[in-house]
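**Student:** Before I ask anything, here is the structure I am working with.
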Amino acid sequence: YDIEVIPLTIIINDIEYKDGQNLTNEEFYKLIKECDEIPKTSQATYVQFEEIFKKYLEQGKKILYISGSSKVTGTYQSAMITKNDLQGEIHIFDSLNLSYGCGAQVVTACEMNEDGKSIE
C-alpha cells in the first residue's frame, strides 16, 4: 500500500528522535531500559503536515490522513489546521484509537481503496 507515516518525536535523555526514521523499535527499547527518566513524545507539527500534504497535492493526489485519537494527542488538530490552510482534497479522520486500532483502520482504508471505494 502507498502509506506514509508522519512520525512523532520521541525525546529520550534530552535527545530527539523521529519514530521510525532515526530510531528503530529495538533501539527504542534498549534506550528506555538505560535511561533515567520516562521518555516524552511530541506531536507531529504543522510544518511536517504541510510538507507532506503539499508533496501529494502537487502530484494531484487526494489525501486521507488517519490520525491517532484526538482525545490523547494534538496531532489531529495540527493536521486539521494544515488542511484548512491548503487547497486540495484532504480528508482527516480521527481514529479515536492508538497503535493497533489505528493501524487496522489504515489497512481497511487501503483495502477499500483497492476495491474502488471512494475516499468520501
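**Student:** Taking the condition of being surrounded by fewer than 11 Cβ atoms within 10 Å (Cβ to Cβ) and not in a loop (DSSP other than H, G, I, E, B), how many residues in segment 86-110 meet it?
**Tutor:** Of the residues in segment 86-110, 1 are surrounded by fewer than 11 Cβ atoms within 10 Å (Cβ to Cβ) and not in a loop (DSSP other than H, G, I, E, B).
**Student:** Surrounded by 10 or more Cβ atoms within 10 Å (Cβ to Cβ) and either at pLDDT 90 or above or in the same structural domain as ASN84 (by TED's automatic domain parsing) (or both): does that describe GLU58?
**Tutor:** No, not satisfied.
**Student:** Let me ask something else about it. Have a look at ILE63, ILE81, ILE90 and point out the one that is touching an Asp or Glu at 6+ places or on another chain (Cβ under 8 Å) and of a type in the set (A, V, I, L, M).
**Tutor:** None of the other options fit; the residue is ILE63.
**Student:** Also, quick follow-up: Is it true that LYS71 is assigned to a loop (DSSP other than H, G, I, E, B) and either surrounded by fewer than 12 Cβ atoms within 10 Å (Cβ to Cβ) or modelled with pLDDT of 90 or more (or both)?
**Tutor:** Spelling it out, LYS71 is indeed assigned to a loop (DSSP other than H, G, I, E, B) and either surrounded by fewer than 12 Cβ atoms within 10 Å (Cβ to Cβ) or modelled with pLDDT of 90 or more (or both).
**Student:** Which condition does GLY20 not pass, out of (1) exposed (fewer than 15 other Cβ atoms within 10 Å of the Cβ); (2) touching a Gly at 6+ places or on another chain (Cβ under 8 Å), if it passes all the others?
**Tutor:** (2)
**Student:** Also: Filter segment 33-55 down to the residues that are surrounded by 11 or more Cβ atoms within 10 Å (Cβ to Cβ) and β-branched (Val, Ile, Thr), then identify the one that is farthest from the chain's Cα centre (by Cα).
**Tutor:** Step one: of segment 33-55, the residues surrounded by 11 or more Cβ atoms within 10 Å (Cβ to Cβ) are 35, 39-46, 48-55.
Of the ones still in play, those that are also β-branched (Val, Ile, Thr) are 41, 45, 52.
Working: THR41: 13, THR45: 10, ILE52: 11 Å.
The residue in question is THR41.
The values are calculated or read from the model by the stated rules, or taken from the named source; none is laboratory data. For clarity, every value in this text was computed on a predicted model and none was experimentally measured. No Cβ is skipped: glycine too gets one built from the backbone with ideal geometry, and neighbour counts run over all protein chains shown.
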